[in-house]
1. Could you list which residues have their amide H under 5 Å from that of Lys70, counting only those 5 or more apart in sequence or on another chain, with H placed in the peptide plane?
2. Compare Thr11, Thr56, Thr101 in a GNM of the chain, Cα atoms joined below 10 Å, and give the one with the largest fluctuation.
3. What FRET efficiency comes out for the pair Gln32/Val83, r = Cβ-Cβ distance, R0 = 35 Å, nearest 0.05?
4. Considering the range 3-125, what Rg and Dmax in Å follow from its alpha-carbon atoms?
5. For Ser55, put the label point 7 Å out on the Cα→Cβ axis and report which residues of the range 9-26 keep their amide N under 17 Å from it.
6. What list of ³J(HN,Hα) values in whole Hz, one per residue of the range 88-100 in order, does the Karplus curve 6.51 cos²θ - 1.76 cosθ + 1.60 (θ = phi - 60°) give from phi, with Gly and Pro shown as x?
7. Net charge within 14 Å of Ala100 by Cβ-Cβ distance, Lys/Arg positive one each and Asp/Glu negative one each, not counting Ala100 itself?
8. From the C-alpha coordinates alone, can you work out the Kirkwood hydrodynamic radius of the range 65-116, in Å?
Amino acid sequence: MATFTKVVLFTDTDGRARFREDPIALAGGTPQAMLSELFASPGYQLRMSPVGFRSTWHCTPSPQWVFVLKGEMEIGLREGSRVFRPGDHFHAGDLLPPGATFDANLHGHWSAQRGPEPLVTLFLKT
């Protein structure tokens, strides 16, 4: 069975944000157009970040898919960073652990625009 690789940004048991890859089965459709199950979404947002943008450390406020439409987006974690380019995606789910107070030395990630053009992203709420 064919699968789609879902890149996931999550909060690990030690409170730190990390990436992992989860397979999503493409069990529907036809051999020419394989489909996953239908997933619900309450809405989406588009964002443009100018050249030079960099956020502070933060947790994702609510789970969402992030699709890079234009430009480059770097996501920084404690163990390094990863750059996403047009067509790349990840599912942001690095929420603040229940009952925790945000600690910028432990929790979350930062994001930044990279390259010569503004960053355009689609946030699909889950």
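Bear in mind that the values in this text are calculations on the coordinates, not laboratory data. Please read these numbers as outputs of a predicted model, since none were measured by experiment. Note that we place each Cβ from the backbone using ideal geometry, even for glycine, and neighbour counts take in every protein chain shown.
1. Val120
2. Thr101
3. Numbers: r = 32 Å, r/R0 = 0.91.
Once the sixth-power term is evaluated, E becomes 0.65.
4. In order Rg, Dmax, the Cα atoms of the range 3-125 give 15.4, 48 Å.
5. From the range 9-26, the list is 9-12, 16-20.
6. 7, 8, 7, 9, 8, x, 7, 7, 5, x, x, x, 7
7. Values: positive: Arg16; negative: Asp12, Asp14, Asp94, Asp103.
Local charge sum for Ala100: -3.
8. Values: mean 1/r = 0.0815 Å⁻¹.
After inverting the pairwise mean of 1/r, the radius is 12.3 Å.
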